[in-house]
Amino acid sequence: MNDDALPSPTSEGPRVIVCLGAGGVGKTSCSAALALAYAHAGKRTLAVTLDPARRLEDALGEAVESSRGRLRIHQPKADTEFASLVDDLFSDRPDDRELLDNNRIFQALSGALAGMHEMAAVARLPTIVADHQPEVVVVDTAPTRHALKSMRLASRVVDLVDSKALAIIARLLGSTRSGTAGAFRRTVGRLARRPVARILEATVGERPVVEMVELLELLLAVRPQLAELAAGAERLLRGDRTRYVVVTSASESATATAAYLASEAKTMGRPPTAFLINRAVERVPDWIADLAQRRDVPDPFRAAVNELFAEDARAVEGTANALWRLSWAHEGVPRLPLPRLDAAEPGRVVDVLSLHLARELVPRLKAA
């Protein structure tokens with residue numbers, strides 16, 4: 001499915017905010033906090049994660065209950081999301097679905113190819129959004145540099161199914177399927193007359209060749225359904241009501257990943273609305289600075305105070321360097337430091353972050 005063939009985005013549908021970032025920077029906590037901020041503002045909000053780990057659900061905790069029904073979570077399950085996508089594609093083709101379930105090549109590929117869970121989660125986004133009818137969708141992406149590429153995997157599969165090469169391979173292997181499972185079975189006897197098929201049969205045996213043709217034909221049969229889902233996901237993730245936010249910590253590696261993801265988003269026509277520098281330290285806390293300057297601190301505690309002061313001073317320097325690096329790499333993109341929170345409960349962190357994001361980020365997303 002080429003970009004030129006995509007239906008042009010419209011101003012209809014929910015506001016979509018896609019949160020990008022490396023692992024360990026607090027991206028999921030920020031995604032949860034942003035969803036909570038919108039829910040507290042009275043918006044019907046759907047928080048969706050493309051990460052099979054259950055961090056989003058854990059981060060929101062009891063916030064869903066306190067949102068008075070305005071906040072919903074969709075947490076795809078790693079072991080069932082791909083099966084759910086297959087159910088959607090073959091909902092009106094029970095015989096073909098049975099063939100697919102019994103196809104050993106499909107069984108091997110579905111469990112072995114990287115990104116299958118994420119592809120399925122992206123492809124099913126339009127269905128999930130249609131079920132919940134939210135005003136705002138917050139998408140928590142997988143914690144990887146390749147998150148944006150993975151989000152387009154469903155479209156890449158459509159491109160593969162559309163390719164002439166796939167149709168040529170199917171013909172070379174002997175496909176004459178007329179559109180039903182029964183008609184396909186009649187091609188098995190013809191395979192022996194195809195030179196390419198004979199070579200493969202001599203190498204791997206007859207059954208793998210039959211199942212390869214079968215899988216190709218099944219993919220071709222559901223191409224329209226997959227293309228429709230992929231186009232719907234593209235509209236949601238790249239439409240004119242979609243905004244991207246990049247979350248990072250102050251570390252050099254995290255900001256490098258953030259800069260890379262921002263460049264990728266800009267390349268696909270959606271430059272980030274803001275960088276969120278999580279756990280930023282812009283100044284040494286007053287109580288630590290005061291203790292470090294006092295001369296009456298007992299010696300047993302002075303070493304601890306000095307260590308705290310030095311640690312926070314390094315954190316202040318790291319935050320300043322991170323702000324500079326992001327400004328240099330993406331001039332003009334706002335950089336919003338978020339406070340370092342040491343709350344023991346993740347839900348408490350999300351509550352406090354939601355207040356900051358409601359004040360600092362949500363107005364920018366609305367104006368962008």
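The values are calculated or read from the model by the stated rules, or taken from the named source; none is laboratory data. Everything numeric here is computed off the predicted structure, so don't read it as measured data. Cβ: placed from backbone, ideal geometry, glycine included. Neighbour counts: every protein chain shown.
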| said: Regarding region 287-306, can at least one residue be identified that is closer than 30 Å to Asp240 by Cβ and either aromatic (Phe, Trp, Tyr) or at pLDDT 90 or above (or both)? | reply: no
| Single match in Arg325, Arg302, Arg364 (criterion: surrounded by 12 or more Cβ atoms within 10 Å (Cβ to Cβ), more than 27 Å from Glu57 (Cα to Cα), of a type in the set (Lys, Arg) and in contact with a Ser or Thr (Cβ under 7 Å, 6 or more places away or on another chain)) | Arg325
| said: Please return the ranges of helices (runs of 4 or more DSSP H) entirely within region 24-66 where 2 or more residues are of a type in the set (S, T, N, Q), surrounded by 19 or more Cβ atoms within 10 Å (Cβ to Cβ) and in contact with a Leu (Cβ under 7 Å, 6 or more places away or on another chain). | reply: 27-40
| Top-ranked residue of region 280-312 - restricted to ones that are closer than 25 Å to Thr257 by Cβ and of a type in the set (A, V, I, L, M), ranked as farthest from the chain's Cα centre (by Cα) | Val281
| note | Note on Val213: of the conditions (1) surrounded by 17 or more Cβ atoms within 10 Å (Cβ to Cβ); (2) assigned to a helix (DSSP H, G or I); (3) touching a residue at least 60 places away in the same chain (Cβ under 8 Å), unmet is (3)
| From the list Thr257, Thr267, Thr319, which one is of a type outside the set (D, E, K, R), under 18 Å from the mean Cα position of the chain (by Cα) and surrounded by 13 or more Cβ atoms within 10 Å (Cβ to Cβ)? | Thr257
| query | Looking at Leu109, Leu89, which one is at pLDDT below 85 and under 24 Å from Glu217 (Cβ atoms)? | reply | Leu109
| message | So the check is Cβ under 7 Å with 6+ separation or different chains; which pairs have a first residue in region 284-308 that's farther than 25 Å from Thr319 by Cβ and a second one that's not basic (Lys, Arg)? | response | Val297/Leu291; Val297/Val305
| said: Condition first: hydroxyl-bearing (Ser, Thr, Tyr) and either surrounded by 20 or more Cβ atoms within 10 Å (Cβ to Cβ) or under 14 Å from the mean Cα position of the chain (by Cα) (or both). Now tell me which residues in region 117-153 satisfy that. | reply: Thr141, Thr144, Ser150
| Filtered residues of region 48-86 (kept if of a type in the set (Lys, Arg) and at pLDDT 80 or above) | Arg70, Arg72
